[in-house]
Amino acid sequence: MIKTAIFGATGYAGAELIKILSSHTEVDIIFAASKTYAGKSLNSIHPHAPDILLQDTEKANLQQADLVFLCLPSSSGMHIAVDALKGGAKVIDLSADFRLDDAAKYMNWYGTTHLAPELLADAVYGLSEANRSKLKNAQLVANPGCYPTSVLLPIWPIIINSIFDDNRPIIVDSKSGVSGAGRSPKQHLHFVEVSGNFQPYKIGRVHRHVPEMEQQLANWDPSIPELIFTPHLLPVPRGILSTIYLPIKKGNREDSIRAMLRETYSNEPFIKLLPSNQNVSLAHVLHSNTCAFGMNLTGNTLIITSAIDNLVKGAAGQAVQNMNIIYGITETCGLT
Ligand SMILES: NC(=O)c1ccc[n+]([C@@H]2O[C@H](COP(=O)([O-])OP(=O)(O)OC[C@H]3O[C@@H](n4cnc5c(N)ncnc54)[C@H](OP(=O)(O)O)[C@@H]3O)[C@@H](O)[C@H]2O)c1
């Protein structure tokens, strides 16, 4: 059994992770930690959660853990990652702390000094389907952001096959349910502000997921064009739907692109390419680890519409998928 420890257990991603791990046949949860609710049961905060006594984040003993999941806000769990790795445990970090490969870039986007820049080169970006071979030997996994997961998975085969047109930008419009912003109360997330409303935020190239996506795209093909990304706050609890406008070189046909995508993903249990007569919706993916997407070629622009559950494939589910890959467990274990 894999002995796991979870930090940030009371957050949306942490609680979802514990729900999944509780029914995973190869996992023991040795502790779940909280700063605010130490001494209470997780189900006193999340009624649907298992009855797990929360330990104090600062006093939790890392030594018994084989694998530590960090479900903390970015910049607050780096010291725990360092201690866990020193003690011989593996780490899957759901925050952004190990996603960017450069400490200066991290400072620029997250406004704080990186505590462990020496670990950045070895952290494996946990986009499961694309990075499976690297994940098998990973000590430290940087679990991807939710928006990047919804965008990168459907376009990965197109980027590595170099059929995109690098003279035009990639444009992405993403819409996320409110749990994407985490559990801490903020005025713009109040029910009255969100319900019946719909708005963009961080328009263009200012959201923190832009450098994360551009870095990954450039790793696949350095000639990748600029990314323009506008997220929106959708008045639903969970789910992301991204519309991606991908410029394609002249001469590529819709049926050949569809065949390429189908071939790449034919054996992937969590990727669902929809037939041309079906439009994707949140209902295709909610509470599942699936990324479902459709595609249409309009002129020389491929329009991909992609949906995930931000808390599952966009966070906890992908983290468990990565754990399964690392430990050589059937990849769907705990996730179907
Ligand atoms: N929500 C999503 O859809 C999503 C998707 C992908 C990735 N992520 C990433 O996953 C991480 C967790 O996200 P979330 O949405 O679950 O956030 P969240 O709901 O705000 O939960 C984070 C938890 O961390 C603990 N915490 C807060 N500040 C802390 C600090 N300074 N030091 C130690 N612990 C602290 C809190 O629990 P206690 O007070 O009980 O300790 C809190 O419940 C974030 O880095 C986020 O960017 C989230």
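The values are calculated or read from the model by the stated rules, or taken from the named source; none is laboratory data. Bear in mind the structure is a predicted one, so any value in this text is a computation, not a measurement. Using ideal geometry, Cβ is built from the backbone for each residue, glycine included, and neighbour counts are taken over all protein chains shown.
Residues in the stretch 166-217 that are within 18 Å of the chain's Cα centre (by Cα), away from the ligand (no atom under 16 Å from the Cβ) and either in contact (Cβ under 8 Å) with a residue 40 or more places away in the chain or surrounded by fewer than 17 Cβ atoms within 10 Å (Cβ to Cβ) (or both): V172, D173, Q215, L217. Residues in the stretch 94-131 that are in contact with a Cys (Cβ under 9 Å, 6 or more places away or on another chain) and within 13 Å of the ligand (Cβ to nearest atom) were compared, and the one that is nearest to I18 (Cα to Cα) is L94.
Taking the criterion of being without any contact (Cβ under 8 Å) to a residue 40 or more places away in the chain and of a type outside the set (D, E), the residues of the stretch 109-129 that qualify are G111, T112, T113, H114, L115, A116, P117, L119, L120, A121, A123, V124.
When the stretch 263-302 is filtered for residues that are charged (D, E, K, R) and exposed (fewer than 13 other Cβ atoms within 10 Å of the Cβ), only E263 remains. Within the stretch 1-36, the set of residues being within 15 Å of the ligand (Cβ to nearest atom), in a strand (DSSP E or B) and buried (at least 24 other Cβ atoms within 10 Å of the Cβ) comprises A5, I6, F7, A32, A33. Taking L335, is it assigned to a loop (DSSP other than H, G, I, E, B), buried (at least 22 other Cβ atoms within 10 Å of the Cβ) and either in contact (Cβ under 8 Å) with a residue 24 or more places away in the chain or on the phi < 0 side of the Ramachandran plot (or both)? Yes; evaluated as a whole, the condition is true for this residue. Of all the residues in the stretch 280-294, those that are in a loop (DSSP other than H, G, I, E, B) and among the aromatic types (F, W, Y) number 0. Restricting G314, G328, G299 to residues that are at positive phi and not assigned by TED's automatic domain parsing to the domain that holds L153 narrows the list to G328. In the stretch 53-67, what residues are at pLDDT 95 or above and out of contact with any Gly (no Cβ under 9 Å at 6 or more places or on another chain)? Selection gives L67 alone.
Within the stretch 137-148, is there a residue that is under 14 Å from A319 (Cβ atoms), of a type in the set (F, W, Y) and within 16 Å of the ligand (Cβ to nearest atom)? Within the stretch 137-148 (the criterion being under 14 Å from A319 (Cβ atoms), of a type in the set (F, W, Y) and within 16 Å of the ligand (Cβ to nearest atom)), the answer is no, since none of the residues qualifies. All conditions in (1) crowded, with 17+ Cβ neighbours inside 10 Å; (2) under 21 Å from G177 (Cα atoms) hold for I248, with the sole exception of (2). Say whether the condition of being within 19 Å of A138 (Cβ to Cβ), touching a residue at least 24 places away in the same chain (Cβ under 8 Å), away from the ligand (no atom under 12 Å from the Cβ) and out of contact with any His (no Cβ under 8 Å at 6 or more places or on another chain) is met by at least one residue in the stretch 46-63. Within the stretch 46-63, one or more residues are within 19 Å of A138 (Cβ to Cβ), touching a residue at least 24 places away in the same chain (Cβ under 8 Å), away from the ligand (no atom under 12 Å from the Cβ) and out of contact with any His (no Cβ under 8 Å at 6 or more places or on another chain).
All told, S184 meets the bar of being more than 24 Å from S256 (Cα to Cα) and of a type outside the set (V, I, T). Please verify whether the stretch 230-244 includes one or more residues that are modelled with pLDDT of 95 or more and over 20 Å from G314 (Cβ atoms). Among the residues of the stretch 230-244, not one is modelled with pLDDT of 95 or more and over 20 Å from G314 (Cβ atoms), which makes the answer no.
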